[in-house]
1. Mind checking the log10 I(q)/I(0) for the chain at q = 0.12, 0.15 Å⁻¹? Debye, one equal scatterer per Cα, no solvent, two decimals.
2. Can you compute 3J(HN,Hα) from phi for each residue in region 95-102, using the Karplus curve 6.51 cos²θ - 1.76 cosθ + 1.60 with θ = phi - 60°, rounded to whole Hz and x for Gly and Pro?
3. Pairing the Cα long axis of helix 44-65 with the longest principal axis of the chain, what angle in degrees results, from 0 to 90 and rounded to the nearest 10?
4. Tell me the relative contact order for the chain as a rounded percent, counting alpha carbon contacts under 8 Å between residues six or more apart.
5. Cα axis of helix 274-285 to longest principal axis of the chain: angle in degrees, 0 to 90, nearest 10?
6. Using packing as a proxy for protection, rank 127-134, 141-148 so that the peptide with the highest average count of other Cβ atoms within 10 Å comes first.
7. Kindly state, to the nearest 0.05, the FRET efficiency for Ala65 paired with Ala101, given R0 = 22 Å and r defined as their beta-carbon distance.
8. Kindly write out, for region 193-200 in residue order, the coupling ³J(HN,Hα) from the Karplus curve 6.51 cos²θ - 1.76 cosθ + 1.60 (θ = phi - 60°), rounded to whole Hz, with x marking Gly and Pro.
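Every number here is computed from the coordinates shown, using simple stated rules; none is lab data. A quick note: this is a predicted structure, and the numbers were derived from the prediction, not measured. Cβ: placed from backbone, ideal geometry, glycine included. Neighbour counts: every protein chain shown.
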Amino acid sequence: MIVLGIETSCDETAAAVVKDGTSILATVVSSQIQVHQRYGGVVPELASRKHIEAIVPVVDEALTAARLPLDNIEAVAVTRGPGLVGALLIGFSFAKSLAYASGIPWVGVNHLEGHINSVFLEPDPPAFPFVALLVSGGHTSIYYVTDHTSAELMGQTRDDAAGEAFDKVAKMLGLGYPGGGIIDRLARKGDAANIRFPRSYLDKSTFDFSFSGVKTAVSRYIADHRQDLKERIPDITAGFQEAVLDVLSDKAVAAAVTKGCNRIALVGGVAANSRLREKLTADAGRRGIRVHIPSLHLCGDNAAMIAGVGYHYLKAGIRGSLQEDVYSRKR
Ligand code: KG4
Ligand code: ZN
């Protein structure tokens, strides 16, 4: 089954053509970063307007890259939530209309299930069940995944998402937006051992996270070292990153051990972090656990993961209805 995927939940307009939920025929991501950069974060109204401008060219580009006319598309999968409502509505309404006009089925899918399923777009995906560490700009959660469309939530952040903490710390240091990739690069030049920021494990038995403490600690450190802040930036980013990644890695490994499961999937925008990729692989490896991580272009928001998970709903006979609406919060 050839599925057209559409994703507009935040600041990326994306379309992809995926065969049988695994094989990417084309994937196009048009980022709005330049529009939002000067505001230091995503401006929802601007995001919606940019999606309106980009949706038709992006879908066209995906079909052209896949060398397939629209007639060959058998179904449409689109992100229904969670995300920015105005942004979601652009992709969702477009997908509904396209499917209706073409007389093909469509389905609305959960963005987070899309991220979890991104590992199936790679060769040698994990067998079920596995533990997924989902780390993005909006979410930080651990799931026990038993099927393409079933996941038990084991824990989640009680305040900021990990990516959000990266973005806020980068903003405090005047490094630009989005901060994750910038901190990743700068931290390589610093030494995490020089500044130890607090790790928040909460109650050791929980798989929940909290990143507000480390964020506050960084902001205090900045206030106390205004004079020579510039020289300290590499060490600050390294120290901050290590504090966040220690907790993420330890909890993901502990979740897999608790479930007696020897597979972890690392997914979401923060899964692009080079230190997290190497650290989780090493920490899990010491416990005999294998870590599956998608390629960089599948970590951030994309539509291939949406087509990938949508395929499984469509195969099970699940269809969207024209009355259906988007949702902003996690379900
Ligand atoms: O999954 P995603 O593209 O969008 C959401 O669904 O949120 O994730 C975006 C987040 C941003 O917070 C960004 O700073 C972070 O992923 N990110 C990174 C890296 N690349 C992107 N965080 C740490 N290290 C990176 N290399
Ligand atoms: Zn995402």
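1. Taken in order of the listed q values, log10 I(q)/I(0) reads -0.81, -1.19.
2. So the Karplus estimates, Gly and Pro as x, are 5, 4, 5, 4, 5, 4, 5, 8 Hz.
3. 60 degrees
4. Taking the mean separation of contacting Cα pairs over the length of the chain, I get 25 percent.
5. 90 degrees
6. Taking the mean over residues of other Cβ atoms within 10 Å, the ranking is 127-134, 141-148.
7. With a Förster radius of 22 Å, E is 0.50.
8. 5, 6, 9, 9, 8, x, 9, 9
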